[in-house]
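One structure is given here, and the rest of the page talks about it.
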Amino acid sequence: MHELALADAVIKAALRAADEAGMDRIDKLVVKVGELQQIEKDLFEFSLTSVLPTQDERIADAEFEVTEERVRFGCKACGHEYAKDEAALDGGGDADEAIHFIPELSHAFARCPSCGSPDFEILAGRGITLERIEGSSADDG
Ligand SMILES: [Zn+2]
């Protein structure tokens, strides 16, 4: 039920954003899912499209777009930013597989391609973000 909880959080964030923007109706939601986020995407999209819109009439007819956010690392030693593909990996292909399936392991394998430091932070590609909402208010016309 992990996906359902995440979808629920996205819907709540969207409704809050709609309140702040003065929208009475949400037509479209764009959701970014990080490459490192452990999630069953089909189930997540199913939760968004089928289950949750019934919870609030403002969002009942909304269209959902789910996009993937690529992971980006930031080197703490030299400040260089790099994608997973660019990281110098210990162990080659096996390490890449390990990172894909067990994101926590990325610290054990990735190296900055610029200076070789293993000390990095994850700048993007983690978690689920409500990218934007599109909608309208009753005042619009
Ligand atoms: Zn570096």
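The values are calculated or read from the model by the stated rules, or taken from the named source; none is laboratory data. Just so you know, these numbers come straight off a predicted model, no measurement behind them. When we count neighbours, we look across all protein chains shown, and the Cβ atoms used for this are built from the backbone with ideal geometry, even at glycine.
Pairing each residue of the range 49-63 that is over 18 Å from residue 19 (Cβ atoms) with any residue that is surrounded by 12 or more Cβ atoms within 10 Å (Cβ to Cβ), provided the two are 6+ apart or on different chains, yields C-beta distances under 6 Å for 49/64; 63/28. Filtered by the rule that a residue be in contact with a helix residue (DSSP H, G or I) (Cβ under 6 Å, 6 or more places away or on another chain) and under 28 Å from residue 138 (Cα atoms), the range 10-55 gives 11, 24, 25, 26, 29, 31, 47, 48, 52, 53.
Evaluation of residue 132 against the conditions (1) under 30 Å from residue 3 (Cα atoms); (2) modelled with pLDDT under 90; (3) not in a loop (DSSP other than H, G, I, E, B) shows that the sole unmet condition is (2). Considering only the range 16-66, state which residues are part of a helix (DSSP H, G or I) and buried (at least 17 other Cβ atoms within 10 Å of the Cβ). Those that are part of a helix (DSSP H, G or I) and buried (at least 17 other Cβ atoms within 10 Å of the Cβ): 18, 44, 45, 47, 48, 52, 53, 58, 59. Restricting the first member to the range 1-26 and to residues that are farther than 23 Å from residue 127 by Cα, and the second to residues that are at pLDDT 90 or above and in a helix (DSSP H, G or I), the beta-carbon pairs closer than 7 Å and six or more apart or on different chains are 24/58; 25/58.
Taking the numbered list (1) in contact with a helix residue (DSSP H, G or I) (Cβ under 7 Å, 6 or more places away or on another chain); (2) modelled with pLDDT of 80 or more in turn, residue 63 passes all entries but (1).
Taking the conditions (1) at pLDDT below 70; (2) exposed (fewer than 13 other Cβ atoms within 10 Å of the Cβ); (3) within 29 Å of residue 29 (Cα to Cα) in turn, residue 100 satisfies each one other than (2).
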